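First up is the structure itself, then whatever we jot down about it.
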Amino acid sequence: MERFPALISLLLLFMATEIVTTPVERENKSSSAGLIWSTAKEEGDLVHKAGHADDSTAAADDVDGGFSSLEGMLQWAIGHSDPAKLKESAQDVQRLSPSELRQRQLEIKELMEKLKMPSDTQLMQIALDDLSNSSLSLEDRHRALQELLILVEPIDNANDMCKLGGLGVIIRELDHPDSDVRKLSAWILGKASQNNPYVQKQVLELGALATLMKLVKSSSADEATKAFYAVSALIRNNVAGQQLFFAEAGDKMLQDILSSLSVDARLRRKAVFLVGDLAECQLENIDKAEMPFFSNQFFLKSVVDLTASSDLDLQEKALVAIKNLLQLRTTEAMVFKEFCRLDDALERMKKQLEDLMLDEDHREYVTDVESLRKEVELSKNGANIEGRMVHSHLKTEWSRS
């Protein structure tokens with residue numbers, strides 16, 4: 001059975017018209033104007049936008065995705081038509097007058113313009129324009145943000161959104177009274193900033209970090225988690241961002257999340273993962289001064305205490321963080337041993353993992369966590385030896401003075 005019979009008929013008429021027109025006429029009729037689609041409007045509200053359209057994708061697989069060229073539309077029509085009906089339609093077309101053929105050609109070109117999809121940049125601009133419209137309904141605001149969330153995934157698109165001035169638009173949405181709008185806006189900023197120094201720099205300069213850190217304290221778990229995701233994306237592998245994070249009391253925020261049992265488990269996992277990531281970044285930038293909270297005994301204890309959690313994923317992320325923290329220059333092994341009671345924590349965890357090992361369904365994962373626990377134990381012992389050597393050296397220097 002044919003799909004979209006009216007479309008097939010119009011396409012056949014256009015094909016016949018192409019046969020009777022001269023090469024010059026065909027050349028003059030190869031229009032390629034771009035289209036704009038608004039998230040707040042119906043498909044029938046498509047309007048032309050001046051500029052050269054991208055004709056790089058000449059054919060389309062299906063009408064549902066739009067056509068980038070007339071040739072693609074014709075190929076689709078032929079592939080979805082019955083050969084016998086094609087022949088019959090062609091004979092009908094031959095009986096049309098030249099003026100009727102030209103009229104039919106205009107109809108099919110108008111149809112093609114309606115089916116043609118705009119570029120990602122155009123879609124982002126439309127969504128940003130919608131968000132700048134104060135009378136936009138909440139539903140359409142959500143829709144525009146959801147579209148941007150998908151569009152900023154590729155790094156080139158994220159950079160293009162910056163050039164369109166989109167970051168300022170999204171940052172303004174962080175103050176919206178609707179929690180879902182704030183959540184989606186934070187999520188977009190996080191996606192755009194992830195592993196993207198160009199966007200990170202722009203967002204930080206616009207002062208969004210402080211606002212996002214406030215949203216982390218939201219009573220909505222989803223909003224808080226997405227805001228923390230954005231904070232992490234902004235400061236990961238970004239020394240300037242990390243310094244600003246500390247200046248905004250980021251260490252206090254992390255400690256509060258890690259030590260509070262009432263905080264959503266997803267948020268605690270993200271927080272301890274960020275601690276490990278920040279410590280690793282410090283190890284890769286040994287020429288940079290270490291952040292003070294890395295040597296704060298209360299902060300370190302909040303990380304070690306997570307090993308007592310019943311959440312194995314949280315325990316694993318805590319072990320990674322501890323392993324990295326133990327390798328820092330400012331780490332004091334005695335603090336981990338005496339104040340944080342790391343030895344007791346690791347021994348307690350060892351017994352817990354031995355019990356979990358009896359469960360065949362989780363044995364492989366538990367084995368991996370146990371291997372990591374052993375690595376932490378070795379790192380701890382290495383740090384103890386190094387700490388004793390430093391202490392001995394300082395004692396010798398003091399006796400000579």
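The values are calculated or read from the model by the stated rules, or taken from the named source; none is laboratory data. The model shown is predicted, which means the values in this text are computed figures rather than measured ones. Every residue, glycine among them, receives a Cβ derived from its backbone with ideal geometry; neighbour counts consider all protein chains shown. The accessibility values were calculated without ligands, DNA or RNA, using every heavy atom of the protein model including side chains. Shrake-Rupley method; radii C 1.70, N 1.55, O 1.52, S 1.80 Å.
Among the residues making up the range 247-285, those that are polar (S, T, N, Q) and without any contact (Cβ under 8 Å) to a residue 40 or more places away in the chain are SER260, SER262.
Between LYS163, LYS226, LYS191, the distinction of being touching a residue at least 40 places away in the same chain (Cβ under 8 Å) and closer than 27 Å to PRO118 by Cβ belongs to LYS191 only. In the range 301-317, the residues that are within 17 Å of ASP344 (Cα to Cα) reach residues that are hydrophobic (A, V, I, L, M, F, W, C) and open to solvent by 40 Å² or more (accessible area, probe 1.4 Å) with C-beta atoms within less than 8 angstrom, at least six apart or across chains, in these pairs: LYS301/PHE339. In this structure, ALA230 does not qualify as of a type in the set (A, V, I, L, M), within 30 Å of LYS301 (Cα to Cα) and surrounded by fewer than 23 Cβ atoms within 10 Å (Cβ to Cβ). When the helices (runs of 4 or more DSSP H) confined to the range 126-213 are screened for residues that are outside the structural domain of ASP256 (by the TED database) and over 21 Å from LEU234 (Cα atoms), those reaching at least 2 such residues are found at 138-151. Could you say whether any residue in the range 147-163 is of a type in the set (A, V, I, L, M, F, W, C) and touching a Ser or Thr at 6+ places or on another chain (Cβ under 7 Å)? Looking through the range 147-163, none of the residues is of a type in the set (A, V, I, L, M, F, W, C) and touching a Ser or Thr at 6+ places or on another chain (Cβ under 7 Å). Only a single item in (1) in a helix (DSSP H, G or I); (2) assigned by the TED database to the domain that holds LYS214; (3) not charged (D, E, K, R) is not met by SER99, and it is number (2).
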